[in-house]
Every structure is written in C-alpha cells, then in structure tokens.
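Written out below as structure tokens is the structure these notes cover.
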DNA sequence: AAATGGATTAGACAAAGTCCAAATTCTAGG
DNA sequence: CCTAGAATTTGGACTTTGTCTAATCCATTT
C-alpha cells in the first residue's frame, strides 16, 4: 500500500509527478520528510538537512515547504501554538496530539465518522475537516 | 440560557467565581471577550482595552489570558498558524474556520457525534477533541 | 560560451510571545 | 491613618517563527 523505500531517486520522481522541478535542496527536504514519515517543523527540517555540512538556507526551507504544500505533496498541521508541523501524509487523516511532548500521531480517517455538523454558511464549501484529539498522560 | 448582560460588575463576580482576583485590567480583558462573545487574538484584545487611553501593557494581556485559561474561564483556539485566538465559550463546541477571512464560527458540540476513533495510546487520557471545518467561498 | 530564467542565498525585517527586574497597587495589622 | 509585605503591572529587552528582497548562482538552450 505505502511505497516502502524512499530513496533520493524516488524523491526526484515524486517531485516531478507533482510538477515540481527536482533540485538538490528540494530532494533533501522531501527525503527528510518522507523517509521518516514523521511530522516535522521547519526548524527540525533545517537541522536535519544541514546536519553534516550546511547546504540549505532558511529561506529555501520555507519556500520549499510552501511550494510542496501548494502542490499537495505535504500538508500543514496546526496544533502547536508556537510552530507549524509538516506532514508527508496527505491522505485523509486526523491526529492525536500529545500535550506533554508535542508529539503527533496519525489517525486514519477511514474509520472515523463525524455526524451532526450543521449546514455551512451560505456560499461556502468545505475545504477539509481536521479532528485533533488532545491527550495527556493519565498520571498528570 | 446564556447570561445576556455582561457588565463590568458581572465580570468581577465571574472572576471571583473562578478564584481570580478581579483587578482593573483583568476586568477589562474579561469584559472585552465576554461582552463581544467573539474569538479574539491577544493583539486585538490589546487594541480594544487600550482604545481610549493606554491602560494595560502587553505583558499583562498575555499574563492575564494565560491565567484565565488555567482557571478554565476561556479557551485557546489553535487554527491560524500565525496567532492564537481566545474563546470565551468554554462549553464543548467546535469551529468553522473561514480560510479567506480568518473568521471563526462556533459549532455547538451537542449535535456532533464522532465515531470510530481508535483507542488511545496506553496510559493516556483525552483532554479534549477539537473539530475544525475549514471553509472557503465557493467562487474561489 | 552567452543568454535566459528559475532557484538559492544572506541577512534585514516583522510579528507573536516570553522574561525579568523595577515600580506600582492592594491588603491587613497596628 | 500608616506601613510592611504580597500581589500585580510595567517597559523594554529578548527569542522564535516566519517573510522579504536584492544579489548571486546554476542549468539549459542555442
């Protein structure tokens, strides 16, 4: 179901499939997100990508993440008041948000049903529905 | 059902009922939120409270909002990546989020049912569930 | 190899929010 | 009424996240 091996070559193909010119930096950023399959902040991505020798500037990280988002390659997750997370999973899904650690855990949307939402205001359409289950350790 | 008249005197009582010492500044901030029954950012509250003659510093606005939150008088709403909104409605409810304008509209949680959520990770309890319906004008 | 246009860069900038020591205000006791 | 101590507020420096811009770099085409 999921493509299991994420190589840098795969990333180039993936970018092209989304009409994105695969440059060095873009491949590295995509690789950071997809190889890990984790929710990362721009800052974390910066650190990962520049781990050994500095390669990619802050501006490029932000530019690239926004570009990926526009081309539906990744998704923004807004749960932490201080920073945005980027999610390589663009399929419909929701999140557990660990209030203690800031960790995010995916919830497949396939099983989740939401009923009883009121009608939308006139002239509006739904862009998406996010469910965030805020959780914390029981011994807190 | 809802207390319809929010006066500054009421605010003092409300604060006391939540074990908060009702000071001048705190009353004004509570009044700004409750009289309007709107979702406001810290910045908007700053502006409202200091409209005529400057009364309240930035530090106090932030301190006070966090204090209110800790005492369950108001709630944070995290939907806009750039700022936190504060919501005087602490009852269970969800939100429409207008992506064009940034406007938030309450959805009463009474009618909404969510089914099929997976079991929580071991040792975790739910603190709350937020549903955000992102909407936009249909002619966009 | 020159031209063209897209991509990247450094660094200045902006906005949200935090922190802290000093100043102010409040309260209770005398 | 006066004052000591506690609680609250304040200004301003600071941090962090993210944006912007003009200059530079690079890849491709001819």
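Derivation of every value follows stated rules applied to the coordinates shown; laboratory data play no part. What you see is a predicted model; the values in this text were computed from it and never measured. Every residue, glycine as well, gets a Cβ built from its backbone with ideal geometry; the counts of neighbours run over all protein chains shown.
Within the bounds of the stretch B:48-57, is there any residue that is closer than 20 Å to residue B:13 by Cβ and touching a strand residue (DSSP E or B) at 6+ places or on another chain (Cβ under 6 Å)? Even if it seems obvious, please write down each step before you answer.
The first filter runs over the stretch B:48-57 and keeps only residues closer than 20 Å to residue B:13 by Cβ, leaving B:49.
From the residues that got through so far, the ones that are touching a strand residue (DSSP E or B) at 6+ places or on another chain (Cβ under 6 Å) too are none.
No, the stretch B:48-57 has no match at all.
Taking the residues in the stretch A:110-126 that are closer than 27 Å to residue A:73 by Cα and buried (at least 16 other Cβ atoms within 10 Å of the Cβ) as candidates, determine which candidate is farthest from the chain's Cα centre (by Cα). Working first, answer last.
So the first thing to find is which residues in the stretch A:110-126 are closer than 27 Å to residue A:73 by Cα, and the list is A:110-114, A:124-126.
Filter once more, keeping what is buried (at least 16 other Cβ atoms within 10 Å of the Cβ): A:112, A:114, A:124.
Values: A:112: 20, A:114: 23, A:124: 26 Å.
Filtering first and then ranking leaves A:124.
Name the helices (runs of 4 or more DSSP H) wholly inside the stretch B:1-61 in which the number of residues that are near DNA strand C (Cβ under 10 Å from one of its atoms) and away from chain A (no Cβ under 14 Å) is 1 or more. Break it down stepwise before answering.
Numbers: elements: B:8-17, B:24-36, B:42-49.
Filter on the stretch B:1-61 gives B:24-36, B:42-49.
Are there any pairs, at least 6 apart or on different chains, whose C-beta atoms fall under 8 Å, with the first in the stretch B:87-115 and at the interface with chain A (Cβ under 7 Å from one of its Cβ atoms) and the second in a loop (DSSP other than H, G, I, E, B) and buried (at least 17 other Cβ atoms within 10 Å of the Cβ), and if so, which?
Correct list of pairs: B:114/A:112; B:115/A:112.
Within the stretch A:72-84, which residues are within 11 Å of another protein chain (Cβ to nearest Cβ) and within 16 Å of DNA strand C (Cβ to nearest atom)?
Within the stretch A:72-84, A:78, A:79, A:80, A:81, A:82, A:83, A:84 qualify.
Would you check if residue A:65 is more than 9 Å from DNA strand C (Cβ to nearest atom), without any contact (Cβ under 8 Å) to a residue 40 or more places away in the chain and either outside any helix (DSSP H, G or I) or crowded, with 18+ Cβ neighbours inside 10 Å (or both)? Let's see the steps before the verdict.
Working: more than 9 Å from DNA strand C (Cβ to nearest atom): yes; without any contact (Cβ under 8 Å) to a residue 40 or more places away in the chain: yes; either outside any helix (DSSP H, G or I) or crowded, with 18+ Cβ neighbours inside 10 Å (or both): yes.
Against the criterion (more than 9 Å from DNA strand C (Cβ to nearest atom), without any contact (Cβ under 8 Å) to a residue 40 or more places away in the chain and either outside any helix (DSSP H, G or I) or crowded, with 18+ Cβ neighbours inside 10 Å (or both)), residue A:65 qualifies.
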